[in-house]
Amino acid sequence: MKFRCLFLTVAAVIFFVDTAAFCAPEPAGAPSINQWTLNVVFTQPQQITVRIPDQGKAQRFWYVIITVTNNSKIDVPFYPSCELLTDTMQIIPAYRDTRNIVFDKIKARHKKKFPFLESLEYANNKILQGQDNTKDFAIIWPDFDAKAKDISLFIAGLSNEITAVDHPTKKDPNGTPEKIYLKKTLELQYSISGDESLRENGTLVFKGKRWIMR
């Protein structure tokens, strides 16, 4: 058990070192003629407690609703991926709600404001151009480390901008640095208020957003 914990800690440290190195490039200030980025509006993250069949007591989840509009002049492919990252080095991919139990609870909670809310994991793989084709999606995460004080939400797939950078350590047989391909990603940053023992009363305080290459 001690070895496993040590391995996970080292792996997390390596991830953060790599992430810091790989995130250095910034998105292009003036995108090229073939590049597009969806317009995104997002809600304040909220928590919800849901009892999952066959999993004992109710579980806590966090979610954010994003509204995306394609203001480009073409229909664009849409293959989003999302992660939650805590300052305690916990990495949580978006929850895969295969039975829609959690999503259905969220949709019912917001049916007046978002009557056509969709689950992000079942989104169509294309966003059509124009305001009439604006989409609302719920992104859900399981509860995270109660000791965390800051988190970041990373949402990729909102742009086709990609850049290649040299890996800081890995090289091919010829000694040439391997390439890492980074995607333009939206980062939403939050701090956490409230005592860790009273998570049900905790809220996330918005600190800022930025586009990064990740």
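In the stretch 58-86, the residues that are over 16 Å from K184 (Cβ atoms) reach residues that are in a strand (DSSP E or B) and among the basic types (K, R) with C-beta atoms within less than 7 angstrom, at least six apart or across chains, in these pairs: D75/K126. Considering only the stretch 55-76, I want to know if a residue exists there that is exposed (fewer than 11 other Cβ atoms within 10 Å of the Cβ), under 23 Å from F154 (Cα atoms) and modelled with pLDDT under 95. No: zero hits.
Quick grid of which residues meet (1) of a type outside the set (A, V, I, L, M, F, W, C); (2) over 30 Å from Q129 (Cα atoms):
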residue: F42; (1), (2): no, no
residue: T49; (1), (2): yes, yes
residue: D54; (1), (2): yes, yes
residue: W62; (1), (2): no, no
residue: I65; (1), (2): no, no
residue: T69; (1), (2): yes, no
residue: D75; (1), (2): yes, no
residue: L85; (1), (2): no, yes
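Only one residue in D104, D54 is over 23 Å from R214 (Cβ atoms), assigned to a helix (DSSP H, G or I) and either under 15 Å from the mean Cα position of the chain (by Cα) or free of Cβ contacts under 8 Å to residues at least 12 places away in the same chain (or both), so which one is that? One residue alone meets the criteria, D104. Among the residues of the stretch 136-188, those identified as out of contact with any Phe, Trp or Tyr (no Cβ under 8 Å at 6 or more places or on another chain), surrounded by 16 or more Cβ atoms within 10 Å (Cβ to Cβ) and part of a strand (DSSP E or B) are F137, F154, I155, A156, K183. For the stretch 87-101, residues that are closer than 17 Å to D136 by Cα and either among the polar types (S, T, N, Q) or free of Cβ contacts under 8 Å to residues at least 40 places away in the same chain (or both) total 1. L117 falls short on exactly one of the conditions (1) more than 19 Å from Q90 (Cβ to Cβ); (2) without any contact (Cβ under 8 Å) to a residue 40 or more places away in the chain; (3) not acidic (D, E), and that condition is (2).
The values are calculated or read from the model by the stated rules, or taken from the named source; none is laboratory data. All values derive from a computational prediction rather than experimental measurement. Counting neighbours? That spans all protein chains shown, and the Cβs are built from the backbone with ideal geometry, glycine included.
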